[in-house]
Amino acid sequence: MNKTDLIEHIAKQADISKAAATRALEALIGGVKSTLRKNGSVSLVGFGTFAVTKRAARSGRNPRTGAAIKIKAAKVPKFRPGKALKDAVN
């Protein structure tokens, strides 16, 4: 399922227009992004939690040359699924 399919699904399930479903999805994505940017977390009970974790600096290899390179530390978004989502998949 891609974004267009998801918008159509939301519109059908909520009985709203595709334009309204698009705005709702964009608002959700924007809210998650802005919260994660502030190092917060977003918990949707039964679905899961979006959070930011820190990845330490490390050394790696350039695949073309095989030369050692330094990879900087970074903050990365993570998603931990909730119990209801795990149960729905299994």
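With N denoting the number of residues in the stretch 24-90, provide Rg(C-alpha) divided by 2.2 N^0.38 Å, to two decimal places. Present the calculation step by step, with values, prior to reporting the outcome.
On the way: Rg = 16.7 Å, N = 67, 2.2 N^0.38 = 10.9 Å.
With N residues counted in the stretch 24-90, Rg over 2.2 N^0.38 Å equals 1.54.
When the Karplus curve 6.51 cos²θ - 1.76 cosθ + 1.60 is applied with θ = phi - 60°, which whole-Hz ³J(HN,Hα) does each residue of the stretch 7-22 get, with x for Gly and Pro?
For the stretch 7-22, the Karplus curve yields 4, 4, 5, 4, 4, 5, 5, 8, 6, 10, 6, 5, 5, 5, 5, 5 Hz.
In the chain, what percent of the accessible surface is made up of carbon and sulfur (1.4 Å probe, ligands and nucleic acids excluded)?
Numbers: 4100 of 7240 Å².
Answer for the chain: carbon and sulfur cover 57 percent of the accessible area.
Could you grab the relative contact order for the chain? Cα pairs under 8 Å, six or more apart, rounded to a whole percent.
Relative contact order for the chain comes out at 21 percent.
Once you have the Cα-Cα distance between Thr35 and Ser59, take 0.36 nm times their residue separation minus that, and quote the gain in nm to one decimal. Please list the in-between numbers first.
Numbers: separation 24, 0.36 × 24 = 8.64 nm, distance 3.00 nm.
Extending this stretch completely gives an extra 5.6 nm.
Using the structure shown, list the pairs from Lys54/Lys86; Lys12/Lys83; Lys3/Lys33 with a Cα-Cα distance above 19 Å, or answer none.
Details: Lys54/Lys86 25 Å; Lys12/Lys83 26 Å; Lys3/Lys33 16 Å.
Long pairs (Cα-Cα over 19 Å): Lys54/Lys86; Lys12/Lys83.
Once you place label points 7 Å from the Cα toward the Cβ at Ser43 and Leu85, how far apart are they in nm?
Going from the Ser43 label point to the Leu85 one covers 1.4 nm.
Trypsin sites (Lys or Arg not before Pro) within the chain: which are DSSP loop residues with at most 11 other Cβ atoms inside 10 Å?
Values: sites: Lys3, Lys12, Lys18, Arg23, Lys33, Arg37, Lys38, Lys54, Arg55, Arg58, Arg61, Arg64, Lys70, Lys72, Lys75, Lys78, Lys83, Lys86; in loops: Lys38, Arg64, Lys72.
Answer in residue order: Lys38, Arg64, Lys72.
What does the net charge come to around Ile16 if you take all other residues with beta carbon closer than 13 Å to its beta carbon, with K and R at +1 and D and E at -1?
Numbers: positive: Lys12, Lys18, Arg23; negative: Glu8, Asp15.
Local charge sum for Ile16: +1.
Residue by residue, what Karplus-based ³J(HN,Hα) values in Hz, rounded to whole numbers, does the stretch 66-75 have, using 6.51, -1.76 and 1.60 with θ = phi - 60° and x for Gly and Pro?
For the stretch 66-75, the Karplus curve yields x, 6, 6, 10, 9, 9, 5, 5, 8, 9 Hz.
The values are calculated or read from the model by the stated rules, or taken from the named source; none is laboratory data. Quick caveat, the model's predicted, so the values are computed rather than measured. Every residue, glycine as well, gets a Cβ built from its backbone with ideal geometry; the counts of neighbours run over all protein chains shown. What goes into the accessible areas is simple: the full protein's heavy atoms, side chains included, and nothing from ligands, DNA or RNA. Shrake-Rupley method; radii C 1.70, N 1.55, O 1.52, S 1.80 Å.
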